[in-house]
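Report on the following structure.
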Amino acid sequence: MTHDVAVARSASLLNRIERKLRQGALVGLSLTGALMMACSFQLFCGSAQANQIQEEVKMSNVVMDLGDSSITLQLNDNSAVRDLISRLPLTVELEDFGRGAERIFYLDHELDYSEVKAGSDATVGTVAIYRPWGNVCIFLRAGNPSRDLITLGHISEQDVAKLKQAKLGEVTLHQ
């Protein structure tokens, strides 16, 4: 494995651990300790141990077909995400909200929130549910933190750019 690949994988792992820390999933670990652990495993112990650590931070990928392109929603492992995945494939109406701040769509009925924690930051690329309205939102611009947001996961910077340019209307979600 080249040094550049190892560094890229470390950065990806560090981003996931940081998100989990912000979400409270790794309670008891300091940010510094988690970052040191990730670097140690990735750079010094080899990719097998690093892959094992990455598997502990479980994520599910869901693809959103946007017509002539697609994006990948990297979703956390919780009851709401598992419920959403159980409904796939799913065709929804993608809409603009907040004059380009978000792309949103509605589900036919509420997800299972039994294992989720409400309250989230609305950072660029965050995929969340706005619980009062029941819509899934993907943030294209940073918004205000809200106790009514439930984080489901995120999309990459490249996918944020694709989503900004995508035609609104019917899209399909699948694994």
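Can you find even one residue in region 105-117 that is in contact (Cβ under 8 Å) with a residue 40 or more places away in the chain, within 20 Å of MET59 (Cβ to Cβ) and of a type in the set (A, V, I, L, M)?
For region 105-117, residues in contact (Cβ under 8 Å) with a residue 40 or more places away in the chain, within 20 Å of MET59 (Cβ to Cβ) and of a type in the set (A, V, I, L, M): absent.
Among the residues of region 83-97, which ones are touching a strand residue (DSSP E or B) at 6+ places or on another chain (Cβ under 9 Å), over 15 Å from GLN165 (Cα atoms) and loosely packed, with under 15 Cβ neighbours inside 10 Å? Break it down into steps so the answer makes sense when it comes.
In the first step, residues of region 83-97 are kept if they are touching a strand residue (DSSP E or B) at 6+ places or on another chain (Cβ under 9 Å); the result is 84-85, 87-97.
Then drop every residue that is not over 15 Å from GLN165 (Cα atoms), which leaves 84-85, 87-93.
Listed by number, the residues that qualify are ARG87, LEU88, PRO89, THR91, GLU93.
For ASN144, indicate whether it is at pLDDT below 95, of a type in the set (S, T, N, Q) and more than 17 Å from SER69 (Cα to Cα).
yes
I'd like to know if region 158-168 contains one or more residues that are part of a strand (DSSP E or B) and either out of contact with any Phe, Trp or Tyr (no Cβ under 9 Å at 6 or more places or on another chain) or under 19 Å from VAL116 (Cα atoms) (or both).
No, region 158-168 has no match at all.
Applying the selection to region 130-157, what residues are under 15 Å from the mean Cα position of the chain (by Cα) and either of a type in the set (Val, Ile, Thr) or in a strand (DSSP E or B) (or both)?
Once the filter is applied, which keeps residues that are under 15 Å from the mean Cα position of the chain (by Cα) and either of a type in the set (Val, Ile, Thr) or in a strand (DSSP E or B) (or both), region 130-157 yields TYR130, VAL136, CYS137, ILE138, PHE139, LEU149, ILE150, THR151, LEU152, GLY153, HIS154, ILE155.
Could you tell me which of the residues THR126, THR72 is in contact with a His (Cβ under 7 Å, 6 or more places away or on another chain) and either of a type in the set (A, V, I, L, M) or in the same structural domain as ILE150 (by TED's automatic domain parsing) (or both)? Please lay out each step first, then the result.
On the way: THR72 fails: in contact with a His (Cβ under 7 Å, 6 or more places away or on another chain).
None of the other options fit; the residue is THR126.
Output the qualifying pairs, or none if there are none: Cβ atoms under 8 angstrom, residues six or more apart or on different chains, first residue in region 84-99 and in contact (Cβ under 8 Å) with a residue 24 or more places away in the chain and assigned by TED's automatic domain parsing to the domain that holds ILE138, second residue acidic (Asp, Glu) and surrounded by 17 or more Cβ atoms within 10 Å (Cβ to Cβ).
ASP96/GLU102
Within region 54-83, count every residue that is of a type in the set (Asp, Glu), at pLDDT 95 or above and assigned to a helix (DSSP H, G or I).
Total satisfying the criteria: 1.
The values are calculated or read from the model by the stated rules, or taken from the named source; none is laboratory data. Remember, it's a predicted structure, so these values are computed and weren't measured experimentally. No Cβ is skipped: glycine too gets one built from the backbone with ideal geometry, and neighbour counts run over all protein chains shown.
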